[in-house]
Structures are given as C-alpha cells and as structure tokens.
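The next block holds one structure in the form of structure tokens; read it before the comments.
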Amino acid sequence: MQTDSVEDLRLVIEYLELPYLLTILEINLKKMKDSNFKLSYLFELHLIKIQKRVTKDQYQVRQSMRKRGIKVIEQNEEKDKLTAKYLCRGYMHDVRLLWSKVRSDTEVRLAEYLDVDITEL
C-alpha cells in the first residue's frame, strides 16, 4: 500500500508542475521569436516539439489519476509555495511544494526532454 500512496503523490505533483513547464516553454518560445538569434526557427521547432510532449504527458497523468480515483480539488499559488488539496479514493489530502522544488523538478524534467545531462553543469 505504501508504494500506491507514493505513486499517487507523484501523479499529483506532476499534475501540479507540468503546467509551469509549459509556461516556461511558452515564455522561452516568445523570447526566441522576438530575438535575432541565428537559426532560431530550428530552436522554436524543438521547443514546440517539447510542448507537445509535455501536453501528452499531462494527458497521461490525468488519465492515470482518473484510473486511481485521484482528483485535485483546490490549488493555490502563494508567495513561497504551491498548495493543493486532492481527493484520493475518498480521502482528502494536502500537498505543499516550495517554489524552489517546483523550479528544480521542472529543470530536471526539461533536461530529460532535451536529453541533456545537467550534472555536467
């Protein structure tokens, strides 16, 4: 049962964090379009490809949550954290994520999409 609850929480965290990754991609795509960067269209196409992959992942997370009986009821952005209440198989739970965690998780996920080893930095 412990692994179920870990998987449930992982799904909720992904559900909460993936929209921020899409926002970051959208901001960077706009910056790329507004710049005079050489060959920017190639980078734009790559960012669009990643956006599509993130959107697909969002869909899969929502499907998995539905199958497991998980529903996010409330979500709030605060100055230092992101909070949410979610219903999981009839029980109410809370999750609080510091923005620093959301940022680092988003960076790690983006590095995976880009197939980049961030440990080299």
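The values are calculated or read from the model by the stated rules, or taken from the named source; none is laboratory data. Source: prediction; values computed, not measured. We place every Cβ from the backbone using ideal geometry, glycine too, and count neighbours over all the protein chains shown. The accessibility values were calculated without ligands, DNA or RNA, using every heavy atom of the protein model including side chains. Shrake-Rupley method; radii C 1.70, N 1.55, O 1.52, S 1.80 Å.
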Checklist entry - Do we have Lys101 as over 18 Å from Leu21 (Cα atoms), of a type outside the set (Asp, Glu), at pLDDT 95 or above and open to solvent by 50 Å² or more (accessible area, probe 1.4 Å) here? => result no
Item to check | Counted residues, region 27-47 - those being open to solvent by less than 100 Å² (accessible area, probe 1.4 Å) and under 22 Å from Ser104 (Cα atoms) | outcome: 5
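Return yes or no: is Asp57 touching a residue at least 40 places away in the same chain (Cβ under 8 Å), touching an Asp or Glu at 6+ places or on another chain (Cβ under 7 Å) and part of a helix (DSSP H, G or I)? So that I can check it myself, show each step before the final result.
Details: touching a residue at least 40 places away in the same chain (Cβ under 8 Å): yes; touching an Asp or Glu at 6+ places or on another chain (Cβ under 7 Å): no; part of a helix (DSSP H, G or I): yes.
No, not satisfied.
Can you confirm whether Val72 is under 20 Å from Thr106 (Cβ atoms) and part of a strand (DSSP E or B)? If you could, list the steps in order and put the result at the bottom.
Values: under 20 Å from Thr106 (Cβ atoms): yes; part of a strand (DSSP E or B): yes.
Judged against the criteria, Val72 is a match.
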Next on the checklist: So Ile50 ticks every box in (1) in a helix (DSSP H, G or I); (2) loosely packed, with under 12 Cβ neighbours inside 10 Å but one. Which box is left unticked?
Outcome noted: (2)
Next on the checklist: So in region 5-26, with the set limited to residues that are β-branched (Val, Ile, Thr) and over 30 Å from Leu42 (Cα atoms), which one is surrounded by the most Cβ atoms within 10 Å (Cβ to Cβ)?
Outcome noted: Val12
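Which is loosely packed, with under 12 Cβ neighbours inside 10 Å and closer than 17 Å to Leu25 by Cβ, of Tyr113, Tyr59? Step through it out loud before you land on a result.
Numbers: Tyr113 fails: loosely packed, with under 12 Cβ neighbours inside 10 Å.
Every option except Tyr59 fails the conditions.
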Checklist entry - Which of (1) at pLDDT 95 or above; (2) crowded, with 17+ Cβ neighbours inside 10 Å; (3) touching a Leu at 6+ places or on another chain (Cβ under 8 Å) does Lys81 not meet, given it meets every other one? => result (2)
